[in-house]
Amino acid sequence: MFNDIGPLELVTLIVLAVLVFGPDKLPKLIQDVTRTIRKIREFSEGAKQDIRQELGPEFKDFEFEDLNPKTFIRKQLDNDDLGLKEIRNGFDLKKEMAEVTDAVHSRDSESSASSSGSSGSSGGSIDMTKKPENPRDERPPFDADAT
């Protein structure tokens, strides 16, 4: 929760707490806050236990952390039954990106050579260069009623 607070910010918060509440009331305030946090944790643990008891034995492996979508997906992807670990370990992103880059660069050189020799693409290759929609790059007419 407070992972992004640096040491300077922490010192600033402590100084502000001392200035706002005073050095006499601050220890009592800290005790009250910790007691409240402890009660909230006990209440939530009791609620979790009640829910687990009400669900019955068929949900004995149920974890509330699984309700978080990130945790659920991570747990499902780590499952060995699907064989995704082998796919993930066998996939080399740098190699794949290099192959795609090489393919794009060779296609560009082929398409420029074929377009200079003929008016269209030949051999079923696809020209992936971006062409402007309007040959003269004119702006479309303004329609006052459309706005």
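Descriptive notes on the structure:
- Listed conditions (1) of a type in the set (A, V, I, L, M); (2) at pLDDT 75 or above; (3) surrounded by 10 or more Cβ atoms within 10 Å (Cβ to Cβ) are all met by Leu82, apart from (2).
- Some residue of the range 33-44 being of a type in the set (A, V, I, L, M) and not in a helix (DSSP H, G or I): no
- Condition check for Phe62: surrounded by 10 or more Cβ atoms within 10 Å (Cβ to Cβ) and part of a loop (DSSP other than H, G, I, E, B): yes
- Flag if Phe43 is at pLDDT 90 or above, surrounded by 10 or more Cβ atoms within 10 Å (Cβ to Cβ) and among the aromatic types (Phe, Trp, Tyr): yes
- Being loosely packed, with under 10 Cβ neighbours inside 10 Å and either of a type in the set (S, T, N, Q) or in a helix (DSSP H, G or I) (or both) holds for only one residue in Leu16, Leu26, Leu8, and it is Leu8.
- Residue in the range 117-133 that is open to solvent by less than 100 Å² (accessible area, probe 1.4 Å) and either outside any loop (DSSP other than H, G, I, E, B) or modelled with pLDDT of 70 or more (or both) present: yes
The values are calculated or read from the model by the stated rules, or taken from the named source; none is laboratory data. Quick caveat, the model's predicted, so the values are computed rather than measured. All Cβ positions, even for glycine, are placed from backbone atoms using ideal geometry, and neighbour counts span all protein chains on display. We work out accessible area using only protein heavy atoms, side chains counted, and drop any ligands, DNA or RNA first. Shrake-Rupley method; radii C 1.70, N 1.55, O 1.52, S 1.80 Å.
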